[in-house]
Amino acid sequence: MKDIIVFDIETKETFDDVGGYFPQKLTPSLVGIYSFNHDQLLSFTEDEFGQLWPYFDNAALLVGFNSDHFDIPILSKYYLPLANIQSLDLLTEFKNSAGHRIKLDSLAEATLNQRKTADGLEAIKMWQEGRLDDLRAYCLADVAITRDIYNFGRENRYVVATSFSGPKQVPINFERELVVEDARPLSLGI
C-alpha cells in the first residue's frame, strides 16, 4: 500500500548565506520523516539519502509545513521524481482558509498545546557545531508536530489559531483523493 510521508528539512546555511530567498541553493543537513505505513519517525543526513528515497518512492502523499515553497525546492535537486508525488502543504492550506500565514510554533501551541523545541537558525548552529543528535531530535519533533496538526485537521476539519480576541477555529480541509499508478483512488484510512 502506498504511504503518506510527513517530512521536514533542516539546512546547513541561512538565506543570507546564499544571497536571498533561494531555497534551491540551500544544502540539507537533515531530512526527518514520519511514515504512516511504518508508524515510525526516521531521519537522514545527506550521505544517507539513498536510504530515504525508497520511502518517497512508495509515497502517495508528502505532507509538510511550508513544504511547497521550502522543503520540496531544496530536495528536488537531489530527487527528481519528487515532482511526481502529490504534496499537501499545511501552511498553504491554512493561508487559503484564514487569509494569512502562521508560524508552525503558533499553530502547534493553539491547536495541540505544544511548542517547538527550537527554530531553524538554532538547527543550523546545531549542524555547524556537530550536534547531530540534537539536530535529529529537533527535526523529528517538528515532524511529529506537523503529523499531529495534519491528523487533528483531518479528524476535526479545523485547526486553531490565536487571534487578538483569543483562540479561533479555522476551517481546514486536509483530505486528498490520492491516485496511484493504476488510477484507482487510494484510501486515506489512517
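The values are calculated or read from the model by the stated rules, or taken from the named source; none is laboratory data. In this text, all values refer to a predicted model and were calculated from it rather than measured experimentally. Because the Cβ atoms are built from the backbone with ideal geometry, glycine has one as well, and the counts that use them run over all protein chains shown.
Only residues that are buried (at least 17 other Cβ atoms within 10 Å of the Cβ) and modelled with pLDDT under 95 were counted across segment 38-57, and they come to 0.
Can you tell me which residue in segment 108-153 is nearest to residue 27 (Cα to Cα), limited to those that are of a type in the set (Lys, Arg) and crowded, with 17+ Cβ neighbours inside 10 Å?
136
Of the helices (runs of 4 or more DSSP H) entirely within segment 74-151, those holding at least 3 residues that are touching a helix residue (DSSP H, G or I) at 6+ places or on another chain (Cβ under 6 Å) and closer than 24 Å to residue 167 by Cα occupy 104-112. A Cβ distance below 7 Å, combined with a sequence gap of six or more or placement on separate chains, defines the contacts here; from segment 46-74, residues that are in contact (Cβ under 8 Å) with a residue 12 or more places away in the chain and acidic (Asp, Glu) reach residues that are surrounded by 22 or more Cβ atoms within 10 Å (Cβ to Cβ) and not in a helix (DSSP H, G or I) in the pairs 71/7; 71/8; 71/9; 71/64. The residues in segment 75-87 that are surrounded by fewer than 20 Cβ atoms within 10 Å (Cβ to Cβ) and either of a type in the set (A, V, I, L, M, F, W, C) or over 18 Å from residue 23 (Cβ atoms) (or both) can be counted, and the count is 7. The condition of being within 20 Å of residue 5 (Cβ to Cβ) and free of Cβ contacts under 8 Å to residues at least 12 places away in the same chain does not hold for residue 175.
So is residue 140 touching a Ser or Thr at 6+ places or on another chain (Cβ under 8 Å) and of a type outside the set (Gly, Ala, Ser) or not? Considered against the rule, which asks whether it is touching a Ser or Thr at 6+ places or on another chain (Cβ under 8 Å) and of a type outside the set (Gly, Ala, Ser), residue 140 comes out as yes.
Consider segment 1-56. How many of its residues are among the charged types (D, E, K, R), in a loop (DSSP other than H, G, I, E, B) and within 18 Å of residue 69 (Cα to Cα)? Give the derivation first.
Restricting attention to segment 1-56, the residues satisfying the condition of being among the charged types (D, E, K, R) are 2-3, 8, 10, 12-13, 16-17, 25, 39, 46-48.
From what's left, in a loop (DSSP other than H, G, I, E, B): 2, 12-13, 39.
From what's left, within 18 Å of residue 69 (Cα to Cα): 12-13.
Looking only at that region, the number is 2.
Would you point out which residue out of 64, 20, 50 is closer than 29 Å to residue 154 by Cα and of a type in the set (Gly, Ala, Ser)? Step by step, each of 64, 20, 50 is checked, and only 64 is closer than 29 Å to residue 154 by Cα and of a type in the set (Gly, Ala, Ser).
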